[in-house]
Every structure is written in C-alpha cells, then in structure tokens.
Amino acid sequence: MTQTLSSTSTKSPVTVLGLGPMGRALAAAFVEAGHPTTVWNRTSGKAAELEKRGAAVAATAAEAAAASPLVIVCVLDNDALRAVTAPAAEALRGRTLLNLTSNAADHARETAAWAAEHGIDHLDGTIMTPTITIGGPDAVYLYSGPEELYERHRATLAALGGTGTYLGADPGLAGAYDASLLGFFWTAVTGYVHALALARAEGVELTDLAPFAQNLGSLMASVTHVFAEDVEKGRYEGDESNIRSVRAGLAHVLHAAEGKGLDNTVLRAAKALTDRAVADGHGEAAISRLVETVAEPAS
C-alpha cells in the first residue's frame, strides 16, 4: 500500500531527493526498514517501483523536503546538488539535509555555509561501496558535520545497513576521504584495465590472468597501512624496495605496452613521477616517498 506524505508510522520519516541507481537503493532500504519514505526526482518514471513498494512520490523537491525531518540528497554532482536544493531552501528550513552526493571537501563546506544561511541543519556523507551493498552488512558510510546531528539521526541511518563512521565536525572531512579513496580506487581500476588490454594483446586468456591480479590486490592491501605510517613519520627507508626499482619496472611495462600500440597515458604519468623523484635525488628512498613528489607538482 502506498504511503501518504502524512504517514503515521512510528519510525522517523525520511525523504530521498534524487533517484539515480544509488538514490533508489537508499530509498528502497528505508522503505524495507519500515520508515515512511518520500521520494522525488527531477525526471519522472524512476519512482514507479519505489511507489509500488510503499514510498510516497512528491511532485516537487520542496514538497518532498517538507515531508520529513531528515532529507537525503544523492545526485550526480555538486551542480545538480545546488539545482535541487536551492528551490527547496525554505522547505528545508529547520530540517536536516544530509548530502550523500559524491563531493569535494570545499564543496561540502560551501554547502554547509549555504545551509546555515537558510536555517538548515547540514550533514555531509559519502558512500564507499556500490549500490548492491546498500541495506546489507557490507555497506560503508562516512559522515561529517555536527556530532549532535549525526547522533540525532543515527538510528534512522542504521536502516541503510553496514557500518557508519562519524569522522568529525568539519563538514569537509567526508568529502576529503571520498576524493582521496576514490582517486586511489579509480587509478587502480585504470591500471587493471590497462593490464587486461596488454594481456589480451599478448594472447593471454584474461580469466587465467585474473587470479594473479587478485594476488596483487591482496599485496596492495597489505602495504596500505605501512605506507600511511611511513608518510606520517616521514620515514622513507628504501632497503627492501626503492623508487629506482619501481622506475625500472615501469620502463619494462611501457616497453611491452608501446610495442602493442596501447594508450599508455596513465602508465607514462606514473613513470614520469618516478623520473622526477630520481632526478631530485630520491631514487634510493622507499616507494612511499613518492607522496612528497606528488605534493610538489612539477613546475
């Protein structure tokens, strides 16, 4: 049965603005958990399945915002976020706006300032797992902003499943984590895509290659904490592996890839980073020392 905007459920009402794949997954999790859920999307048609499952569909973003004390917005980017929330500013007044749009730290802080000017409580957040995890035990969420707001809505957010981590009062923290971790993830994905292209060009069965790629992924997981500690302590001892050896390895891969006519843009950028570190006298330093090279862009 379809909920009305004035549902009398004992669970706190929630509004979701934006019904892309992630927005639909969020709304579905709230519906499944028994929260009166109101949804809105700029283009019609995406709410049909949610409406069948019990969500209320609002005609405007303002109407949707007025239906709940917690309003979650999950749209494509910061421009879309502004386009959705600005017309609903008055309806959002006195409510909590939780932005789960993937966002940069400076944009999150700008949104928090805008919200404060309009009497809107603001939390920022990021979702670090894909849509299929939403509502289940494997979902991962990060939140930043006033701790009191996070605690106020914590029980409602539990409907999303998985683990939620509060990072701190700075509204930009979730965005900082988001940009840093997604930069790592998508660069790694790009590396794997290149590996598949090179292996295919050499006649390798890609499903035979995949288990060895998984082994390398496990190796990467084992060094993430070590690298972070090295950088925090400024300790870059390259006794076991150093930047010069990485540079040689990248040169070897580039030679193989260039012989197959592949697009090696990302690989060349990685090689250029090691070239600069070696030229600056850091060839014998640990690989983690490349953080400092990244932090000092080439002139």
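Annotations
- Within segment 207-250, tally of residues that are touching a residue at least 24 places away in the same chain (Cβ under 8 Å), closer than 23 Å to Ala272 by Cβ and either out of contact with any helix residue (DSSP H, G or I) (no Cβ under 8 Å at 6 or more places or on another chain) or among the aromatic types (Phe, Trp, Tyr) (or both): 2
- In segment 48-67, the residues that are within 15 Å of Ile120 (Cβ to Cβ) never reach a residue that is polar (S, T, N, Q) and surrounded by fewer than 24 Cβ atoms within 10 Å (Cβ to Cβ) with C-beta atoms less than 7 angstrom apart, at least six apart or across chains.
- Of all residues in segment 267-282, those satisfying the criterion of being surrounded by fewer than 18 Cβ atoms within 10 Å (Cβ to Cβ) and assigned to a loop (DSSP other than H, G, I, E, B) are Asp280, Gly281.
- Positions within segment 71-118 being of a type in the set (Asp, Glu) and free of Cβ contacts under 8 Å to residues at least 60 places away in the same chain, in sequence order: Asp77, Asp79, Glu90, Glu110, Glu117
- Which listed residue is among the β-branched types (Val, Ile, Thr) and not in a helix (DSSP H, G or I), from Thr190, Thr129: Thr129
- Any chance Ala61 is over 25 Å from Ala158 (Cβ atoms), modelled with pLDDT of 95 or more and surrounded by 24 or more Cβ atoms within 10 Å (Cβ to Cβ): yes
- A residue that is within 15 Å of Thr187 (Cα to Cα) and charged (D, E, K, R) occurs somewhere in segment 268-290.
The values are calculated or read from the model by the stated rules, or taken from the named source; none is laboratory data. Since we're looking at a predicted model, the values are computed, not measured. FYI the Cβ positions are ideal-geometry reconstructions off the backbone, even for glycines, and counts take in every protein chain you see.
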